[in-house]
Amino acid sequence: MERENGFTFPFKIFEGYDLKKASDRTSFRKDEFLTEEVMLHKNVSLITSGIVILFWKKEDGTRTIIDFKSTGDVLRPAVEVSENKIGKIYAQAHTDVEVTLLDRKFLCSCTTESVPITDFFLGVLINDISSTYRQLKLLKVADLKERYLTFLDEYKHIYNEITDRMIASYLGVHYTTLSRVKAKILEEEKSSTFSDKNGG
């Protein structure tokens with residue numbers, strides 16, 4: 001990222017536009033909750049660094065992780081559905097996070113004038129759709145072992161940054177259940193390696 005006149009430009013494609021009037025950059029420390037400003041409909045909130053965890057928080061205080069967002073992802077507006085007791089979506093910084101806020105009206109005007117900006121945000125949109133597809137893909141897999149292996153494949157870019165308890169919450173199972181599945185996978189890998197070494 002380049003710095004000019006005290007303002008950080010997250011993307012070169014916006015050079016030539018007066019971003020100071022239509023965008024802002026905000027940072028959150030690890031474990032901080034993202035502010036409502038970041039999750040408003042009027043803004044397109046793009047993560048420029050770090051990992052954000054989205055989770056439901058029920059009235060009894062329990063949390064269920066529903067997604068992980070990382071660099072290059074867009075944060076969708078938070079939706080409260082307390083009337084049906086599901087809870088509310090919260091966004092929390094899992095690492096230090098930087099978010100660039102772009103005014104939607106400004107962004108629309110840019111995309112009508114600039115092919116690179118249009119192409120970039122089409123890519124962001126496709127990535128966001130892919131994230132939803134990953135979630136649906138996991139929901140369709142009934143076997144926990146397959147779901148876990150699918151998760152590893154789909155979220156390999158952040159796997160080393162999150163804990164098994166977080167993964168268990170995302171998959172909708174208890175941590176000890178996931179631990180047993182991981183142990184079984186490890187045992188199968190050891191057996192396979194032993195068999196290969198012995199020509200089995």
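Bear in mind that the values in this text are calculations on the coordinates, not laboratory data. Computed from a predicted structure; not experimentally measured. Here Cβ is always computed from backbone atoms with ideal geometry, including for glycine, and neighbour counts include all displayed protein chains.
Annotations
- Put in line by how crowded their Cβ is, counting other Cβ atoms within 10 Å and starting with the fewest, ASP60, ASP24 read ASP60, ASP24.
- Cβ-derived FRET efficiency at R0 30 Å, THR26 paired with ASP164, nearest 0.05: 0.50
- Listed peptides 61-69, 115-123 appear in the order 61-69, 115-123 once ranked by packing, highest mean of other Cβ atoms within 10 Å at the front.
- Residues whose placed amide H lies under 5 Å from that of SER70, excluding near-sequence neighbours: VAL52
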